[in-house]
Amino acid sequence: MWKLLLIFSVLPILAAMASRWWFGLRVLADEGRRQCRCIAGKGPSPGDADTEKSAAEFGRELRLLALEEWRERDLKAANSRENSRRFGMAVPPMSGIIAIFAVIVGRVIPMGGFTIFASATAISCAFGLLSLAPELRAIAVTARRFRTDKNFPRRDDEDAVVNCAIAHAWKETLPPVLSLIQK
């Protein structure tokens, strides 16, 4: 029974890690280093002078701005996303501690303890991925506004920043336990 549950837990974890790498880490590695220039007074970080940063930094700022605007537009959905992120932060470590104590006390075999931890991590990954779509929609709404405002003089910079904002959302989807494994 433990082996079957472990297999059904490891498969979603591997799929989530692969999608995080493909849609998040790979994009940040490819486009994140690009130096972009933002017009003064516009963009994710308004200022008095033209700002030049990497696309990854602008993307992070764009994502945070999109989350703030989303919270103002639809507080319930934004809080739901934040709660699923908190669930992913708390449940895997807590289940790991419980599994360790269960193994020490002798209630579960070591394979069962690892399976408990893997199952909780798989559930956290599923919640994170299922709640990702509304956040991506919020980023798309903010990115559409940025495209109409012409915050970046070059279209390539604008595309790189939007892609990096989406990649940051994918990167933050998984529980931090898995983020330690996959950098």
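Can you spot a residue in segment 65-80 that is modelled with pLDDT of 90 or more, open to solvent by 50 Å² or more (accessible area, probe 1.4 Å) and either touching a His at 6+ places or on another chain (Cβ under 8 Å) or under 25 Å from Ile181 (Cα atoms) (or both)? Checked against the condition, which is being modelled with pLDDT of 90 or more, open to solvent by 50 Å² or more (accessible area, probe 1.4 Å) and either touching a His at 6+ places or on another chain (Cβ under 8 Å) or under 25 Å from Ile181 (Cα atoms) (or both), segment 65-80 yields no hits at all. Residue under question is Leu132, and the condition is that it be open to solvent by 10 Å² or more (accessible area, probe 1.4 Å), of a type in the set (A, V, I, L, M, F, W, C) and farther than 12 Å from Val10 by Cα; does it hold? Against the criterion (open to solvent by 10 Å² or more (accessible area, probe 1.4 Å), of a type in the set (A, V, I, L, M, F, W, C) and farther than 12 Å from Val10 by Cα), Leu132 does not qualify. Taking the stated definitions as given, is Phe152 crowded, with 16+ Cβ neighbours inside 10 Å, farther than 30 Å from Trp2 by Cβ and not acidic (Asp, Glu)? Taking the combined requirement at face value, the residue satisfies it. The residues of segment 160-183 that are open to solvent by 50 Å² or more (accessible area, probe 1.4 Å) and part of a helix (DSSP H, G or I), listed by number, are Asn163, Ile166, Lys171, Pro176, Leu180, Ile181.
The condition (being touching a residue at least 40 places away in the same chain (Cβ under 8 Å), outside any loop (DSSP other than H, G, I, E, B), open to solvent by 80 Å² or more (accessible area, probe 1.4 Å) and not hydroxyl-bearing (Ser, Thr, Tyr)) is satisfied by just one residue among Phe87, Phe101, Phe114, Phe146: Phe114. In segment 31-55, the residues that are under 11 Å from Ala160 (Cβ atoms) reach residues that are at pLDDT 60 or above and part of a loop (DSSP other than H, G, I, E, B) with C-beta atoms within less than 7 angstrom, at least six apart or across chains, in these pairs: Cys36/Phe152; Ser54/Gly32; Ser54/Arg33; Ser54/Arg34; Ala55/Gly32; Ala55/Arg34.
Please go through segment 8-24 and give me each residue that is open to solvent by less than 30 Å² (accessible area, probe 1.4 Å) and either touching a Phe, Trp or Tyr at 6+ places or on another chain (Cβ under 8 Å) or outside any helix (DSSP H, G or I) (or both), ordered by number. Those that are open to solvent by less than 30 Å² (accessible area, probe 1.4 Å) and either touching a Phe, Trp or Tyr at 6+ places or on another chain (Cβ under 8 Å) or outside any helix (DSSP H, G or I) (or both): Ser19, Arg20, Gly24. Would you be able to say whether some residue in segment 38-53 is exposed (fewer than 12 other Cβ atoms within 10 Å of the Cβ) and β-branched (Val, Ile, Thr)? Checked against the condition, which is being exposed (fewer than 12 other Cβ atoms within 10 Å of the Cβ) and β-branched (Val, Ile, Thr), segment 38-53 yields no hits at all.
The values are calculated or read from the model by the stated rules, or taken from the named source; none is laboratory data. Quick caveat, the model's predicted, so the values are computed rather than measured. Every residue, glycine among them, receives a Cβ derived from its backbone with ideal geometry; neighbour counts consider all protein chains shown. The area values use the complete protein model at the heavy-atom level, side chains included, leaving out ligands, DNA and RNA. Shrake-Rupley method; radii C 1.70, N 1.55, O 1.52, S 1.80 Å.
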